[in-house]
1. Run Leu197 past the list (1) of a type outside the set (Val, Ile, Thr); (2) surrounded by fewer than 13 Cβ atoms within 10 Å (Cβ to Cβ); (3) outside any helix (DSSP H, G or I) and report the number of the one that doesn't hold.
2. Which one of these does Ala210 not meet: (1) aliphatic (A, V, I, L, M); (2) part of a helix (DSSP H, G or I); (3) modelled with pLDDT under 80?
3. Quick one: which residue in Ile133, Ile152, Ile120 is closer than 22 Å to Val206 by Cα and among the aliphatic types (A, V, I, L, M)?
Amino acid sequence: MSMHCDRCILEDESRAELPLDAFLSDFLACDACTEAAAGPLALRLALDRLRQSAHSLRRTRSLLRQREKDLEAALEATAQYEARIENMERVYKQSTRELEPHVAVVEKQAETIRALSAPILEVGEGVVAMPIIGALDGERAALVTEALLARIHAQPARWVILDLTGLDEVDDTTAVAFLRVCAALRLLGARVVLCGLRSRVAQELVRLGADLSALQMLPTLRAALARCR
């Protein structure tokens with residue numbers, strides 16, 4: 001059946017949604033269509049181009065759908081990741097709040113331990129003593145130095161007795177730090193007395209070539225107290 005189109009179907013946008021077979025049928029049925037009159041070869045070429053375009057469009061649509069799915073999956077994964085981070089932050093804040101009292105207790109205990117590690121006793125008028133018990137490592141030597149210098153600076157004393165009866169051993173670094181604190185105390189105007197020095201510790205100081213000439217050495221704490229008085 002022949003027909004004459006009031007408007008060319010090639011320019012009619014409403015026919016763009018027609019299936020390919022229906023579009024070609026309408027196209028070939030038009031008596032006045034110059035493209036249809038061009039002959040079978042032209043139609044075959046047009047059909048091939050249409051089929052190629054349709055194939056490209058289908059593949060593009062498929063790729064777009066896959067990209068949409070990938071994007072949705074990525075957005076979902078991102079949302080889950082953000083939710084996990086938010087939960088971790090909430091747990092961290094809660095744990096921090098719960099640990100704050102324990103941290104305060106530990107810090108207070110640490111301060112107590114530091115004070116016990118370097119106790120300073122006022123044993124007479126202008127006389128202070130510090131018993132050193134156990135090992136004197138680098139950290140504890142620094143603590144002893146800081147405590148003594150702070151005490152003598154705040155409350156000057158004429159004599160400082162270092163009781164080494166309980167000192168087990170010293171290494172090179174500790175021995176040097178020990179001699180430095182003695183020198184610093186002398187610079188602050190205090191006279192340093194060492195008592196209870198064990199033979200092993202004395203040998204180590206001698207091996208290091210320590211200059212002990214400016215220090216007074218006494219065998220016991222009783223003798224040191226008597227000397228200071």
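The values are calculated or read from the model by the stated rules, or taken from the named source; none is laboratory data. Just so it is clear, the structure is predicted and the values come from calculations on it, not from any experiment. All Cβ positions, glycine included, derive from the backbone under ideal geometry; neighbour counts span all protein chains shown.
1. (2)
2. (2)
3. Details: Ile152 fails: closer than 22 Å to Val206 by Cα; Ile120 fails: closer than 22 Å to Val206 by Cα.
Only one candidate passes the filter, namely Ile133.
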